[in-house]
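The values are calculated or read from the model by the stated rules, or taken from the named source; none is laboratory data. Keep in mind the model is a prediction, meaning the values are calculated, not measured. Backbone-built Cβ (ideal geometry, glycine too); neighbour counts: all protein chains shown. Surface accessibility is based on the protein's heavy atoms, side chains included, excluding ligands, DNA and RNA. Shrake-Rupley method; radii C 1.70, N 1.55, O 1.52, S 1.80 Å.
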Amino acid sequence: MTERGEEVIKSLPAEFGVVAVAGMYRTGKSYLLNRMLLNRQKGFSVGPTVNPCTKGLWIWSKPIFAIGEKNKRLPIILIDTEGFGALDEDSNHDIRIFTLSILLSSYFIYNSVGSIDEHALTNLNFVINLSRFIKLKRGEENSDPEELSHLFPSFLWVLRDFGLQLIDDNGENITPKEYLEKVLEGNKSVNDAKNKIRRLIKAYFKDRDCFTMVRPLTNENQLQSLENMAAEKLRPEFLEQILQLRKKVFSRVKIKTFKGKALNSEMYLNLIKQNLYFLFRHIL
């Protein structure tokens with residue numbers, strides 16, 4: 001935890017929300033944060049190479065504001081996370097980053113590319129190990145997912161570069177949330193790892209939703225320098241979806257709580273330091 005990070009958190013008023021974005025590396029998490037919530041072309045570091053730009057967790061240098069409950073202005077901390085699956089890190093590191101971003105947020109955005117297929121579910125296998133890293137009682141081997149769910153934030157799965165038609169088996173239009181719920185049903189007659197991931201997502205994240213977005217550009221070469229593209233160069237559908245997504249997040253982000261109690265800045269800093277020690281004590 002840097003001194004600058006502590007200063008940002010200490011400057012917060014009594015109540016605030018926390019939005020974290022996570023996902024596989026090189027899937028555009030930082031760009032999404034910049035365009036969606038910061039409403040700017042550049043902000044969190046973005047790059048065109050196969051190397052991850054973000055290491056660890058980074059918070060924006062000052063809070064942004066949304067309209068929370070009772071029409072009150074709610075300060076929001078933005079957290080950008082290191083991408084999962086980078087060549088220079090292992091799965092234990094990734095699960096720690098995933099766990100920390102969940103515990104520190106009140107609204108968790110999981111960013112991925114394409115549809116929710118078997119590969120996308122495999123990339124979310126971190127949920128299988130969450131109970132190893134979050135203990136409600138000292139000495140227990142694993143915590144029950146239903147018991148842990150009250151610690152978890154709202155969950156939004158953002159599907160980037162999504163090109164499928166959202167229809168059900170009868171050819172009727174469905175919402176992205178209905179699509180997510182259908183995917184999470186799985187095959188109840190099969191007891192495999194992917195169905196376990198489905199069950200745990202439903203158990204941990206009671207408040208869950210999904211949002212789909214088209215590709216921002218059609219030119220493959222321009223995608224390599226997406227960060228430098230002015231808004232007028234992007235697809236109108238993409239820009240409209242950015243506005244819709246911003247509205248959704250701002251209207252649904254909640255006050256950060258822990259075990260039902262709203263946190264102030266000092267309590268939140270203690271939560272960060274405790275989890276940093278517990279999750280990364282082997283390298284501290």
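Equivalent ellipsoid of the range 99-256: semi-axes from √(5λ) of the C-alpha gyration tensor, largest first, are 31, 20, 15 Å. Once all protein chains are placed together, Arg252 keeps about 120 Å² accessible to a 1.4 angstrom probe.
Within the chain, the proportion of C-alpha pairs whose separation exceeds 33 Å stands at 20%.
Taking 0.36 nm per residue of separation and subtracting the current Cα-Cα distance, fully stretching the chain between Lys206 and Gln165 would add 12.2 nm.
Taken over the alpha carbons of the range 152-213 as equal point scatterers, the Debye sum produces base-10 log I(q)/I(0) values at 0.12, 0.13, 0.18, 0.27 Å⁻¹ of -0.33, -0.39, -0.73, -1.17. Modelled this way, with points 7 Å down the Cα-to-C-beta line, the labels at Glu181 and Met267 are 3.2 nm from one another. Modelled spin labels at Lys196 and Ile174, positioned 7 Å past Cα toward Cβ, are 2.6 nm from each other. Using a simple spin-label model with pseudo-atoms 7 Å out from Cα toward Cβ, Phe258 and Lys10 lie 1.8 nm apart.
Among Glu82, Glu232, Glu185, the sequence by solvent-accessible area, most first, with a 1.4 Å probe is Glu232, Glu185, Glu82.
The heavy atoms of Ser91 offer some 80 square angstrom of accessible surface to a 1.4 angstrom probe.
How many Å³ per residue does the convex hull of the Cα positions in the range 234-284 occupy?
So the per-residue Cα hull volume is 144 Å³.
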